[in-house]
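These notes are about the structure you will find just below.
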Amino acid sequence: MSTVPSQKRLLALLSFILVLVLIASYVWLVHPSFAHIEQLEKDIKNEKTLIQATKVKLKEKSAEESDIAFSLPSYPATDQIVLHLRNAEKEASSEIRNLSFEENQGEDEEKQGEQTVTSSQLQPLTFSLEVSSPNIESVKKFVSTLESSERLYKVLKLDLTAASSEEEKAPIIYTIDLETYYQ
């Protein structure tokens, strides 16, 4: 009869060893997998946050690029310039008498002493206006309206024709040379 208790002991010992093997395999195999899964889920959450932040930055950059594209279009956009001039004309209560454009595509450099701009980067577009304004405030308003426009304008020259003393009510006639750029 001693074989039955020894078989029970052996069975109990094997059961205990089996339980230990199962616990050890869980601790060494399954539990690290769960911890790894949790870490991967945290990484995914962080990546999603980074992606969202990048999308916001891209939208901001896109808005900035569209502003720059409007200020420096890729073609002369003379129709846009005429609209700006008409707007300045209305705001300043002035009248544009003459308008002439001159595209300066052959120039490689601007005036000496200024920053060098090659023709492959920015193309200047020069135009001249003859304008009639009722008073000097209207002249100032006309120029400031153009300078504060979304499009970049550079005043190259402003020639005023002074009214004689007997013609004090005569409008001020002036010529203004402007330059704008495109890419």
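Every number here is computed from the coordinates shown, using simple stated rules; none is lab data. The shown structure was predicted, so the numbers you read here are calculated from the model rather than taken from an experiment. In this analysis, Cβ positions are derived from the backbone assuming ideal geometry, glycine residues included, and neighbour counts consider all displayed protein chains.
Miscellaneous remarks
- 15 Å beta-carbon shell around Ala92, net charge (K/R +1, D/E -1): -1
- Using the Cβ of His36 as centre and a radius below 12 Å, the other residues enclosed give a net charge of -2, where K and R count +1 and D and E count -1.
- Gain on full extension, evaluated as 0.36 nm per residue between Ile23 and Val4 minus their Cα-Cα distance, stands at 4.0 nm.
- Straight-line cross-link partners of Lys154 among the lysines, defined as a Cα under 29 Å from its Cα and at least 8 positions apart when in the same chain: Lys61, Lys90, Lys111, Lys140, Lys141.
- Cα→Cβ-extended label distance, 7 Å offset, between Ser100 and Lys140, nm: 3.1 nm
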